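Worksheet: one structure, shown below.
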Amino acid sequence: MTLELKKLADYKDIMERCIRCSMCKWIPQVQIKSWKYAQVCPSIDEYNFHAYSGGGRMIIALSLLTERIGYSEELLNIVYRCTACGACAVSCKYLNDLEPLEVIEALRKKIVEDGEGPLPAHKKYMKLTEEVHNPYGEEPSKRLDWLPSDIKVSKNSKLAYFVGCTTSYRRKEIAIATARIFNKAGVEFQLLGEDEFCCGSPILRAGGEAQVLDLIKRNIKAFKERGIETIVTSCAGCYSTLKADYPRYVKHDFKILHTSELLEQLLKEGKLKLKKEVPLTVTYHDPCHLGRCSEPYKEWHGEIMEPIPLVRFPVPPLPLRQGTYGCYYPPRNVLKAIPGLKLVEMERIKEYAYCCGAGGGVKAAFPDFALKTAGRRLEEAIDTGADTLVSCCPFCATNLQDAIKANNAPIKFYDLTELVLKAMED
Ligand code: SF4
Ligand code: SF4
């Protein structure tokens, strides 16, 4: 059995091996720096019943699979009040080798396949994506409306800037900054324009596997037709979907880079010159899907041994996806290269970072929960003494900026590319 295209029933052993230890609610003990910032699951933080944790959702999934419970409105509400941030999966592996996030996503797929879900807000954006190729319902012909007339785009480049739906339609400042940096640094790039379809991330997280397959095939065909070899994304969701999820469905050999990785590479090559002082004290928020959720899946072929009753383990051991190899250093290295800028860290960072609250379909279905989670992250950012919060994802940018406005919080927000552009300007 590979890790690919598994159904909920294929995770039965994992669900049965959950020892109800609750490690998935906290960052691993050796990483805890204070009681205030010890928790890691936004869902248990907000709703505070075991059912809302990674382990709790495993119990729900097993109960549903073994028909001890049936579908209800409450069940759907619990399953979808989770940002699919993957923090539970990292923490669980400090003691166990289970995959709570895999189970949550398989549970959502089963709910959709059974015709019981997803929630109305998810159905709405899925339908819009089918009709106009983006979850916002915007005109495909307006996908490049952000593009300033003085930006040079090359039709023959083997590098594509995959702008993404949120950056194209909602966070245009990130697209503009990225394209300007590329031009100034001499990076030739293609844009797919109307041929760029949603990467499928919001649909996949809500359980819409059948629909996402069409998008994957469509996007891969568009890349191949244009001779693309490298794809650069602004969005953490696009990045992890193209890098970690696409190969589970369709094998591809495109090189997937996040803008922060390309910027770090340009710095090393001396093509990115950051000369202007940007006198800010910043703290950096790790987007979950740029970090721990971006690790590619590895195939596993083996069997579950049970030498004595109830003691089961996989032979050979399962390849663990612990977030260790996520993209953590490129954005930090780029920030550190900006003159006059001081980087201070929050307590929960890298694979132990606290989610911004927007992912997993939560921003669409439970906007208040999304805002409260972002508020918690802002508090942690402000506690560092930073005057500016920086991140690398348009979806995080939207939710964190919404929370700054809602809380009148004493902190500014910038995307990494906006600060890099400031440091490049004459
Ligand atoms: S999912 Fe993992 S960490 Fe959470 S209760 Fe189960 S075994 Fe413990
Ligand atoms: S994916 Fe995130 S929000 Fe969902 S249960 Fe795990 S830690 Fe909690």
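The values are calculated or read from the model by the stated rules, or taken from the named source; none is laboratory data. Model, not experiment: these values are computed from the prediction. Cβ placement follows ideal geometry from the backbone for every residue including glycine, while neighbour counts extend to all protein chains displayed. Keep in mind that these areas ignore ligands, DNA and RNA; they rest on the heavy atoms of the full protein, side chains included. Shrake-Rupley method; radii C 1.70, N 1.55, O 1.52, S 1.80 Å.
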Of all residues in region 24-55 being hydrophobic (A, V, I, L, M, F, W, C) and open to solvent by 60 Å² or more (accessible area, probe 1.4 Å), which is modelled with the lowest pLDDT?
Val30
For strands (runs of 3 or more DSSP E) lying entirely in region 265-335, having 2 or more residues that are at pLDDT 85 or above, touching a Ser or Thr at 6+ places or on another chain (Cβ under 9 Å) and open to solvent by 20 Å² or more (accessible area, probe 1.4 Å) picks out none
Criterion first (of a type in the set (Ser, Thr, Tyr) and either within 14 Å of ligand 1 (Cβ to nearest atom) or assigned to a helix (DSSP H, G or I) (or both)) does Ser34 satisfy it?
no
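Is there a residue being in a strand (DSSP E or B), surrounded by fewer than 23 Cβ atoms within 10 Å (Cβ to Cβ) and touching a Leu at 6+ places or on another chain (Cβ under 8 Å) anywhere in region 252-262? Walk me through how you get there before you give the answer.
Here is the first cut: in region 252-262, the ones in a strand (DSSP E or B) are 255-258.
If we keep only those that are surrounded by fewer than 23 Cβ atoms within 10 Å (Cβ to Cβ) as well, we get 255-257.
Filter once more, so that each one left must be touching a Leu at 6+ places or on another chain (Cβ under 8 Å): 256.
The answer is yes; a qualifying residue exists.
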Free of Cβ contacts under 8 Å to residues at least 24 places away in the same chain, out of contact with any Asp or Glu (no Cβ under 8 Å at 6 or more places or on another chain), surrounded by fewer than 21 Cβ atoms within 10 Å (Cβ to Cβ) and within 21 Å of Leu263 (Cβ to Cβ): does that describe Lys342?
no
Scan of region 210-239 for residues that are over 19 Å from the mean Cα position of the chain (by Cα) and in a loop (DSSP other than H, G, I, E, B), ordered by number:
Arg226, Gly227, Ile228, Glu229
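Just one of Ile59, Ile69, Ile111 is more than 11 Å from ligand 2 (Cβ to nearest atom), without any contact (Cβ under 8 Å) to a residue 24 or more places away in the chain and over 22 Å from Glu379 (Cβ atoms); which is it? Give the steps one after another, and end with the answer.
Details: Ile59 fails: without any contact (Cβ under 8 Å) to a residue 24 or more places away in the chain; Ile111 fails: without any contact (Cβ under 8 Å) to a residue 24 or more places away in the chain.
Checking each option against the conditions leaves just Ile69.
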For region 315-348, give me each residue that is touching a Lys or Arg at 6+ places or on another chain (Cβ under 9 Å) and among the β-branched types (Val, Ile, Thr).
Thr324, Ile338
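Pro28: touching a residue at least 12 places away in the same chain (Cβ under 8 Å) and near ligand 2 (Cβ under 10 Å from one of its atoms), yes or no?
Working: touching a residue at least 12 places away in the same chain (Cβ under 8 Å): yes; near ligand 2 (Cβ under 10 Å from one of its atoms): no.
No, not satisfied.
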The residue that is farthest from Glu105 (Cα to Cα), considering only those in region 37-56 that are in a loop (DSSP other than H, G, I, E, B), in contact (Cβ under 8 Å) with a residue 40 or more places away in the chain and in contact with a strand residue (DSSP E or B) (Cβ under 9 Å, 6 or more places away or on another chain), is Val40
Subset of region 117-132 (residues that are touching a residue at least 40 places away in the same chain (Cβ under 8 Å) and crowded, with 16+ Cβ neighbours inside 10 Å)
Gly117, Pro118, Leu119, Ala121, His122, Tyr125, Met126, Thr129
Which helices (runs of 4 or more DSSP H) does region 343-426 wholly contain that include 2 or more residues that are within 16 Å of ligand 2 (Cβ to nearest atom)?
362-365, 367-383, 394-407
When you scan region 372-395, how many residues do you find that are open to solvent by 10 Å² or more (accessible area, probe 1.4 Å) and either under 15 Å from the mean Cα position of the chain (by Cα) or among the hydroxyl-bearing types (Ser, Thr, Tyr) (or both)?
2
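Could you pull out the residue among Glu102, Glu74 that is more than 10 Å from ligand 2 (Cβ to nearest atom), surrounded by fewer than 24 Cβ atoms within 10 Å (Cβ to Cβ), under 19 Å from the mean Cα position of the chain (by Cα) and outside any loop (DSSP other than H, G, I, E, B)?
On the way: Glu74 fails: under 19 Å from the mean Cα position of the chain (by Cα).
After applying the criteria, what remains is Glu102.
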